[in-house]
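Here is the structure we will look at.
The values are calculated or read from the model by the stated rules, or taken from the named source; none is laboratory data. Note that the structure is a prediction, hence the values are computed from the model and not measured. Here the Cβ positions follow ideal geometry from the backbone for every residue, glycine too, while neighbour counts run over all protein chains shown. Just so you know, the surface numbers come from the protein's heavy atoms only, side chains and all, with ligands and any DNA or RNA stripped out. Shrake-Rupley method; radii C 1.70, N 1.55, O 1.52, S 1.80 Å.
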Amino acid sequence: MSSPTPDALLGPTDIRELAAALRVRPTKQRGQNFVIDANTVRRIVRTADVRPDDVVVEVGPGLGSLTLALLEVADRVIAVEIDDVLASALPATVAARMPERAERFALVHSDAMQVTELPGPAPTALVANLPYNVAVPVLLHMLQTFPTIERTLVMVQSEVADRLAAPPGSKVYGVPSVKANWYAEVKRAGAIGRSVFWPAPNVDSGLVSLTRRAEPIKTTASRREVFAVVDAAFAQRRKTLRAALAGWAGSAAAAETALVAAGVSPQARGESLTVEEFARIAENGKSAAENKEPGQQ
């Protein structure tokens with residue numbers, strides 16, 4: 001394939017000129033902070049281990065900084081953009097700056113949380129600068145909806161990165177940590193400074209790498225059943241699991257029975273448990289929870 005021209009990626013001047021031409025003003029509502037540094041997007045692509053045969057899905061491409069860097073390497077890039085103006089402009093940006101790769105780019109103009117299918121071959125990787133306010137729900141939705149995604153690298157608020165990658169027992173270990181770990185091995189993959197964004201955010205950013213589990217967690221409980229236990233356990237973090245899971249199980253006594261059967265101390269708290277232990281609790285609490293309303297997804 002022909003290699004892209006050296007100036008194909010967007011720099012600070014390009015970003016501002018594009019934004020001015022489109023009359024785009026980044027909004028806090030959608031968490032829009034555009035990356036203006038070509039070295040940073042190339043670093044993200046390298047860290048994501050994007051390969052020439054990858055079909056990459058990108059959520060929230062914005063003006064196209066990361067999109068162009070992904071197109072330099074990947075076989076195909078599918079960008080999911082909710083913003084009307086940005087979605088309408090992105091294909092033209094790709095065509096103008098990387099014409100030799102334009103046919104390998106596809107745009108889905110939609111809310112990522114509503115996307116259930118993508119055009120073309122199934123995605124193998126997810127690489128995205130996720131808006132801070134919806135990062136975790138979008139990430140979990142994409143991992144659940146597209147099981148062919150093997151490798152993920154997301155840029156999120158540093159605190160969110162810490163939560164996603166936190167191990168059991170950590171102070172920030174919680175619902176995002178457990179649910180992400182249901183799908184993948186999760187780790188921090190670096191930090192991103194504020195100066196590479198326009199406008200510069202008031203928080204630091206971090207990279208999180210997720211490698212999908214080769215084998216799903218072995219359990220007879222469904223994902224929904226396991227996630228219902230996770231939600232209940234962390235809804236009242238300071239309570240013991242016997243107390244925190246009382247509503248889920250029907251009573252504290254029923255919760256204790258399920259916990260003991262799962263080999264988990266009723267006096268333990270949610271932040272000490274692995275995802276496998278949550279799965280065992282869900283298995284053993286099935287009978288107790290059958291008549292309850294389904295838990296939060």
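Could you sort 7, 204, 83 by their accessible area in this structure, using a 1.4 Å probe and putting the largest first?
Putting 7, 204, 83 in descending order of accessible area: 7, 204, 83.
Among 184, 125, 102, which one moves the most in a GNM of the chain with springs linking Cα atoms closer than 10 Å?
102
Nearest 10 degrees is fine. How inclined is helix 38-47 to the longest principal axis of the chain, computing both from alpha carbons?
40
Which listed residue (201, 235, 66) has the Cα farthest towards the positive end of the charge dipole for the chain, taking +1 on Lys and Arg C-beta and -1 on Asp and Glu C-beta about the Cα centre?
The residue sitting most towards the positive pole is 235.
Just the number please: accessible area per residue for the chain, 1.4 Å probe, all protein chains included, in Å².
So the chain comes to 46 Å² accessible per residue, rounded to a whole number.
Would you work out the charge dipole size for the stretch 25-158 about its Cα centre, treating the Cβ of every Lys and Arg as +1 and the Cβ of every Asp and Glu as -1, and quote it to the nearest 20 debye?
400
Near the amide H of residue 35, under 5 Å away, which other amide H atoms are found, from residues 5 or more places off or on another chain, if H is placed in the peptide plane?
HN-HN under 5 Å from residue 35: 198.
Can you compute 3J(HN,Hα) from phi for each residue in the stretch 127-133, using the Karplus curve 6.51 cos²θ - 1.76 cosθ + 1.60 with θ = phi - 60°, rounded to whole Hz and x for Gly and Pro?
Whole-Hz 3J(HN,Hα) from phi for the stretch 127-133: 9, 7, 9, 7, x, 4, 6.
Assigning unit charges at the beta carbon (Lys, Arg +1; Asp, Glu -1) and nothing else, what dipole magnitude in debye, to the nearest 20, does the stretch 163-297 show about its Cα centre?
Result for the stretch 163-297 is approximately 340 debye, rounded to the nearest 20.
Could you please put 81, 277, 150 in sequence from largest to smallest accessible area, using a 1.4 Å probe?
From most exposed to least exposed: 150, 277, 81.
Calculate, for residue 13 and residue 144, the FRET efficiency according to 1/(1 + (r/R0)^6) with r their C-beta to C-beta distance and R0 45 Å; round to the nearest 0.05.
0.70
Answer with one residue from 79, 123, 136: the one whose Cα lies farthest towards the positive end of the charge dipole of the stretch 35-187, charges on Cβ with Lys, Arg +1 and Asp, Glu -1.
Among 79, 123, 136, the one farthest towards the positive end of the dipole of the stretch 35-187 is 136.
Counting only protein heavy atoms and using a 1.4 Å probe, what share of the accessible area of the chain belongs to carbon plus sulfur, as a whole percent?
That fraction is 50 percent.
Say we join alpha carbon atoms closer than 10 Å with springs in a Gaussian network model of the chain; which of 92, 161, 21 then has the biggest fluctuation?
21
Do the sum for the chain: with -39,500 (n - 2.57) for every DSSP H run of n ≥ 4, divided by all residues, what is the mean residue ellipticity at 222 nm, to the nearest 500 deg cm²/dmol?
That comes out to -11500 deg cm²/dmol.
With every protein chain kept in the model, how would you rank 286, 187 by accessible area, 1.4 Å probe, largest at the top?
The ordering from most to least exposed comes out as 187, 286.
What is the dipole size for the chain, taken about its Cα centre, with +1 at each Lys and Arg Cβ and -1 at each Asp and Glu Cβ, in debye to the nearest 20?
840
For residue 192, list long-range residues whose amide hydrogen, built 1.01 Å from N in the peptide plane, is under 5 Å from its own amide hydrogen.
Correct list: 205, 206, 207.
Give the calculated FRET efficiency between residue 222 and residue 116 to the nearest 0.05, with a Förster radius of 22 Å applied to their Cβ-Cβ distance.
About 0.75, to the nearest 0.05.
Beyond a 25 Å Cα-Cα separation, which of these cross-linked pairs lie in this structure: 171/286; 171/218; 179/218; 218/239; 187/239?
Pairs exceeding the cut-off: 171/286; 171/218; 218/239; 187/239.
Rounded if a/c is under 1.5, else prolate if a/b beats b/c, else oblate: with a ≥ b ≥ c from the C-alpha gyration tensor eigenvalues square-rooted, which is the stretch 33-165?
It is rounded, given that a/c, with a ≥ b ≥ c, falls under 1.5.
Starting from the Cα-Cα distance between residue 194 and residue 95, subtract it from 0.36 nm times their residue separation and give me the gain in nm to one decimal.
32.7 nm
To test your reading of the geometry: what angle, between 0 and 90 degrees and rounded to tens, separates the Cα axis of helix 12-22 from the longest principal axis of the chain?
90
Going by alpha carbons, how many degrees (0 to 90, nearest 10) lie between the helix axis of 275-289 and the longest principal axis of the chain?
For helix 275-289, the angle is close to 50 degrees.
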